[in-house]
Amino acid sequence: MEPMKKKSRLVWWSVPLIAVFALTFYGCPSQQNLSGSSDAAQKVYVAPGEHDEYYGMFSGGYSGQLPVYGLPSGRHLYTIPVFTQSAVNGYGYNEETKPMLMTSHGYVPWDDAHHPEGSQTNGELDGRWVFMNANNTPRIARIDLTNFQTAEIIEIPNSAGNHASSFVTVNTEYVSAATRFSIPMDENLENMDVPISSYADNFKGTISFIKVGDEGQMSVDFQILVPGFNYDLSHAGKGPSEDWAFFTRYNSEQAHTLLERNASRNDKDFIAAINWRKAADLVAEGAGEDIPGEHYRNYMDHDQQLAKSELIETVRVLDPSEHPGIIYYLPTPKSPHGVDVDPSGQYIVAGGKLSSVLPVHSFEKIQQAIENEDYEGEIDGIPVLNYESIVQAEVENAGIGTLHTEFDGNGYAYTTAFISSEIVKWSLETFEVVDRIDTYYSPGHLMIPGGDTRNPEGKYLVALNKITKDRYLPTGPELFHSAQLIDISGDKMELLLDFPTDGEPHYAQGIRADLIIDNQIRFYELENNNHPDATKTESEARVVRDGKNVHVYMTSIRSHFTPDNIEGVKVGDTVYFHLTNIEQDWDVPHGFAVMGAQTSELLVMPGETRTLVWNPKKVGVFPFYCTDFCSALHQEMQGYVRVSPEDSDVEISYRTGTQG
Ligand code: RUQ
Ligand code: CUA
C-alpha cells in the first residue's frame, strides 16, 4: 500500500508551506508505525469484566452529543445527549427534557459541540461536571457526572459561533465563551441591519465569563466588548497566571469574504490575555453597563426531575477602553488556533496554523511588559504588548500546521501538526523537539488525561484525527473520525491503538475513573420523585380527561404497564402518557412507544417519570409497548389504546388484568 497522501483536503495555503517545509524536513508519513506491536495490544487490553482506567469524554462535534469512551481500551461506553435530540432515551423529545433545548431563536434541537472541559478544584480535575460548548447557536452545557446527564444549558447572548469555549478557571469560578464570528452589535436593533462590507466599522465580538455556582448553576456574569475579529480557542491560566485567561484571535485583517486568503495575510495575529479576576472584581463593584442580551437558561430541576427554562433579558458588558488593565493583546504568529497553558502556569503556547515556529509566551515576561508599558501599539484602546519582550521561545521544527498542545507533567509538551500529520514532543526546558510520531491522519486536538490541568497524568495521549481514509473497513463515502492512543510513558512515543469515534471529536477530557465511579447514581429514589405527574403505585394509575387533553398516569414494572388497556380516547385529542418506572434497582429502564407517535420513544430510568405526547389522527386500536428489553417477558410488555371518532360517546375507561 502506498503511504497515504493527505493533500486532498488541504487548503490552498498549505501547498506552498508543504513545498517549502514538508518535503524538505519531514517527507510523508512513513510506513513503520502503521500498526501497533503485540506489546501494544497488551497495554490496551482490558480483560472481560475489567474496567478501564479513564473515562474519555469526547466532544461529538456535529452530533452535538458527548460520547464517552473507556481508556485505554477505546470502548464506547455511552453517549450523553447534550445539544441534540436523542431517540436513545427521548432526550429533547419527551416533555421533561424539551426545555433544555430552548433558545432565544426558539427550540433548537441540534448543535455542533467542540470542547468538553472537566470541572476543576485547585487546577485539578474533580470529577463533578463536564462543560461543553455549542458552536452554532451559542450555548454552554453542564453535564452532571453523577448520572451522566445534561443538567443545564445556558445560551450566550451577543455571540455568534461560540468556539473559544468552554474552558474553566482553576476553581471552576468561571467558564469562558468567546465569539468566533464577530457580528454587528448595537442596542438599537435597526442598527444591526448593516452591509456586510461595513465589517470593520460595525462588527464586534464579545468574550463572556459565565459564573459557576456551588451547585454548578451558570449565569453570564459579564461580557467584555472586543473589536471585531475571530476569537478561536481559549484556556485559563493556572498557578501564577490563574487570574488570567487567554484567547487566540485570528483574522486581524477583518476579512468578511474568502477568509482562507484574506484572513491569512498578516504575519502576526494575537492572543487576547484577560485578567478575568480584575474584570470580575470591577463588575462586583458595579462597573459596566447592562445591555439587551436575551438568553435562555435551562436546567434540570433536581427535585422534580424535569427541565425548566428561564429567559434573561440583559447582560452586563464591560468596555475595555473604560477599564484599563483587563485585556491586552499578545502578538502571535500566524493565524493562531489553540492556546494552551503549561502545568506550571508560566508558558502560554499558541498553535499558529500558518506559522513555521511554535511561539511560547512567558507569563512573567507578559507581566513585566505590562508593568513597563512595553507596547508596540494599541487596538481600540487595548494595548498590544511587544512580541520580542514577551516571547520566551520559538520552538523550531514543531511540525506544519500546529494546532493544539497538551502537557505530560514531566516537563514535556506535545503539539499536533495538522499538515505534517504528526505529534511533536518538545521540552519545556530547552524548547527543543525531542520526539515525533506520525498520526493517521491530520490530528486536530490531542488529549492527555489532565493534560490541560496543573496535574497531568503522562501515561497516554489520544490524537483526535480529522481524516480517516484507509484506517478501518470502508463504510461508503462517510467514515468515522479516527482516534489514536499513544503511549507517552517512555522517551519514545508508541502507537498503541486506533479506534473510530462518533461525530467529530474536537477536544476531549480524560478523567480518572476513581474520581467518578463512587458518586454514581444507580437509580432514582421513588419516594423523592416530586414530578407533578408521577404515579408511584399501580393503584394510583389512572386516565383523566380534561377537555381535549387526556392524561394517562401510568406505571411500568417487569413486565407490564398499568393501565394496559385504555378506551375513550378520540381523534383530535392530545394524549399525555406520563410514565413512571416504579422499579428500584440498577439498570432496569423501561421504554414506551405508541404507534403513530411523531416523537421518539421514552426510556424511563427506575424511579423517574417521563411524558410522551401523542395526537391520534385515526380511528382504531393502537398498540403501545416497552422498547427496552427489560426481562424475559419483555415481549409481553405491551398494551392497547382504543381511539374512537371525534364525536363518539365512548367514556374514558382503563384497566390492567382484571382491575378496572
Ligand atoms: S477546534 S482542531 Cu477546538 Cu473546534 Cu481545533
Ligand atoms: Cu419493560 Cu421491556
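The values are calculated or read from the model by the stated rules, or taken from the named source; none is laboratory data. Just so you know, these numbers come straight off a predicted model, no measurement behind them. Using ideal geometry, Cβ is built from the backbone for each residue, glycine included, and neighbour counts are taken over all protein chains shown. These accessible areas exclude ligands, DNA and RNA; they are computed on the full protein's heavy atoms, side chains included. Shrake-Rupley method; radii C 1.70, N 1.55, O 1.52, S 1.80 Å.
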Consider only pairs whose beta carbons are under 6 Å apart and that are at least six residues apart or on different chains; among these, list those whose first residue lies in the range 588-602 and is farther than 10 Å from Phe624 by Cα and whose second residue is away from ligand 2 (no atom under 16 Å from the Cβ) and hydroxyl-bearing (Ser, Thr, Tyr).
Thr599/Tyr93; Ser600/Tyr93
Name, by its number, the condition in (1) open to solvent by 30 Å² or more (accessible area, probe 1.4 Å); (2) modelled with pLDDT of 95 or more; (3) not charged (D, E, K, R) that does not hold for Ile366.
(1)
Which count do you get for residues in the range 45-76 that are of a type in the set (A, V, I, L, M), surrounded by fewer than 20 Cβ atoms within 10 Å (Cβ to Cβ) and in contact (Cβ under 8 Å) with a residue 24 or more places away in the chain?
1
Among the strands (runs of 3 or more DSSP E) lying completely within the range 174-271, list those that include at least 1 residues that are over 27 Å from Leu311 (Cβ atoms).
218-227, 230-236, 244-250
From the list His551, His578, which residue is farther than 29 Å from Pro116 by Cβ, away from ligand 2 (no atom under 16 Å from the Cβ), open to solvent by 20 Å² or more (accessible area, probe 1.4 Å) and assigned to a strand (DSSP E or B)?
His551
Filtering the range 213-264 down to residues that are of a type in the set (S, T, N, Q) and on the phi > 0 side of the Ramachandran plot, which residue is least open to solvent (accessible area, probe 1.4 Å)?
Asn251
If Lys570 passes every condition in (1) modelled with pLDDT of 95 or more; (2) open to solvent by 70 Å² or more (accessible area, probe 1.4 Å) but one, which one does it miss?
(2)
Of the candidates Gly639, Gly591, Gly607, the one satisfying the condition of being crowded, with 21+ Cβ neighbours inside 10 Å and in contact with a helix residue (DSSP H, G or I) (Cβ under 8 Å, 6 or more places away or on another chain) is Gly607
Are there any pairs with C-beta distances below 8 angstrom linking a residue in the range 356-369 that is charged (D, E, K, R) to a residue that is open to solvent by less than 10 Å² (accessible area, probe 1.4 Å), with the two at least 6 apart or on different chains, and if so which?
Lys365/Ile390
Ser482 passes all but one of (1) more than 16 Å from ligand 2 (Cβ to nearest atom); (2) of a type in the set (Gly, Ala, Ser); (3) surrounded by fewer than 17 Cβ atoms within 10 Å (Cβ to Cβ); which number fails?
(3)
Listed by first then second residue, the pairs whose first member lies in the range 128-149 and is β-branched (Val, Ile, Thr), whose partner is outside any strand (DSSP E or B) and open to solvent by less than 10 Å² (accessible area, probe 1.4 Å), with beta carbons under 9 Å and at least 6 positions apart or on separate chains, are Val130/Leu145; Thr137/Phe83; Thr137/Asp111; Ile140/Ile156; Ile140/Ser165; Ile140/Ser166; Ile143/Val82; Thr146/Ile516
Looking only at the range 485-510, and only at residues there that are over 21 Å from Thr453 (Cα atoms) and part of a strand (DSSP E or B), the one that is farthest from ligand 2 (Cβ to nearest atom)
Glu494
Determine which member of the set Ser559, Ser600 is surrounded by 17 or more Cβ atoms within 10 Å (Cβ to Cβ) and hydroxyl-bearing (Ser, Thr, Tyr).
Ser600
Do we find that Pro109 is without any contact (Cβ under 8 Å) to a residue 60 or more places away in the chain and in contact with a His (Cβ under 9 Å, 6 or more places away or on another chain) in this structure?
no
Does any residue of the range 429-442 turn out to be within 24 Å of Lys238 (Cβ to Cβ) and in a strand (DSSP E or B)?
yes
Just to check your reading of the model, which residue among Val604, Val613 is under 18 Å from Arg542 (Cα atoms) and under 30 Å from the mean Cα position of the chain (by Cα)?
Val613
Can you name the residue in the range 99-113 that is open to solvent by 10 Å² or more (accessible area, probe 1.4 Å) and not hydrophobic (A, V, I, L, M, F, W, C) and is also nearest to ligand 1 (Cβ to nearest atom) among such residues?
Asp112
Selection within the range 561-575 - within 14 Å of Val619 (Cβ to Cβ) and either outside any strand (DSSP E or B) or within 15 Å of ligand 2 (Cβ to nearest atom) (or both):
Val571, Gly572, Asp573
For the range 326-345, check the following and say yes or no: at least one residue is without any contact (Cβ under 8 Å) to a residue 60 or more places away in the chain and open to solvent by less than 30 Å² (accessible area, probe 1.4 Å).
yes
